[in-house]
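**Student:** Below is one structure. I have some questions about it.
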Amino acid sequence: MGANPKKAEELQQRLVNFAARTTRVAKVLPRTEEGRYICVQLMRSGLAAAPNYAEARAAESRRDFIHKLRIVLKELSETRTWLEQIVANGLLSRDKMTAIIAENQELCWIVAASIKTARGSGGPI
C-alpha cells in the first residue's frame, strides 16, 4: 500500500530491530513482582508494532492501511509508557534507556506522518 517500497522495508526492519531491543530490556529487568509485570507488558507492546506494520503493508484498502497504522502507533505509544515506567520506578537508569526511548519517539513520528500522508489531509491522526 505504501508509495515507496524501499522506505517501507526500512521501516519494517527498524520496527523489528526495535522489538528486539525491547526484548533485551525486558530480559534485564529485576525479577521482582513489578519487574516481571512490566517485562510482560513491555514485550507484548514492544513486539506488536512490527507485525502490525507488516499487516498494514498488506492492507486491502487505504482505510484498512490507515487503521492498521493507527494500531502500530498505539502499540508504540504504549511501549513508550512502559519504557518511561522503567525509568520512573528506578528499574533502569535514564542513561541506559535514552537511546531506546529516542528510537521509540522517532518511530512514532514516522508512523504518525505516514498516517497523515495516507489520509491526504492534515487532519487528526
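The values are calculated or read from the model by the stated rules, or taken from the named source; none is laboratory data. Remember, it's a predicted structure, so these values are computed and weren't measured experimentally. Here the Cβ positions follow ideal geometry from the backbone for every residue, glycine too, while neighbour counts run over all protein chains shown. Ligands, DNA and RNA are excluded from the accessible area calculation, which covers all protein heavy atoms including side chains. Shrake-Rupley method; radii C 1.70, N 1.55, O 1.52, S 1.80 Å.
**Student:** Mind checking which residues of the stretch 67-124 are open to solvent by less than 30 Å² (accessible area, probe 1.4 Å) and either in contact with a His (Cβ under 6 Å, 6 or more places away or on another chain) or of a type in the set (S, T, N, Q) (or both)?
**Tutor:** Result: Thr79, Asn104.
**Student:** Would you check if Glu10 is open to solvent by 80 Å² or more (accessible area, probe 1.4 Å), among the acidic types (Asp, Glu) and not in a helix (DSSP H, G or I)?
**Tutor:** The answer is no for Glu10.
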